[in-house]
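A.B. asks: Below you'll find the structure I mean.
The values are calculated or read from the model by the stated rules, or taken from the named source; none is laboratory data. It should be emphasised that the depicted structure is a prediction, and the values quoted were computed from it without experimental measurement. Here Cβ is always computed from backbone atoms with ideal geometry, including for glycine, and neighbour counts include all displayed protein chains.
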């Protein structure tokens, strides 16, 4: 049986962690969309903003789930939020928040894949893997 070797945390460790944390805040990942035929850039947002989006979502309500996914993907993908005015006109949606599902042709699989990538910024992919195992 292997012993868990814990090291004593130092001031330098905390400073290094804070510096790394600033770099992690700009963390970027990419999703290879079959619908669009290319990669979609996904950026990490602040944890507080992520939690505000997730707060109050009724997991048994499919409409809430869709609205959450649309808003989360919209906030995390510059493709949607940086060009929203022109895209709203082009895709004829009422609000910019509806762009992700409209642009991805209502492909819930791709929306879910992008949400899973976003969740991985916050360590939630590890929770799902642990539950499955």
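Here's the yes/no breakdown for (1) at pLDDT 95 or above; (2) crowded, with 18+ Cβ neighbours inside 10 Å; (3) in contact with a helix residue (DSSP H, G or I) (Cβ under 6 Å, 6 or more places away or on another chain):
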{"position": "79", "(1), (2), (3)": "no, yes, no"}
{"position": "85", "(1), (2), (3)": "no, no, no"}
{"position": "100", "(1), (2), (3)": "yes, yes, yes"}
{"position": "104", "(1), (2), (3)": "yes, yes, yes"}
{"position": "110", "(1), (2), (3)": "yes, yes, no"}
{"position": "121", "(1), (2), (3)": "no, yes, no"}
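A.B. asks: Under 6 Å between Cβ atoms, which residue pairs at least 6 apart in sequence (or on different chains) link something in the stretch 52-63 that is under 16 Å from residue 119 (Cα atoms) with a partner that is surrounded by 10 or more Cβ atoms within 10 Å (Cβ to Cβ)?
C.D. replies: Listed pairs, sorted by first residue: 53/71; 53/72; 57/64; 57/68.
A.B. asks: A further question follows. Output the number of residues of the stretch 71-90 satisfying the condition of being free of Cβ contacts under 8 Å to residues at least 40 places away in the same chain and touching a strand residue (DSSP E or B) at 6+ places or on another chain (Cβ under 6 Å).
C.D. replies: The qualifying residues number 3.
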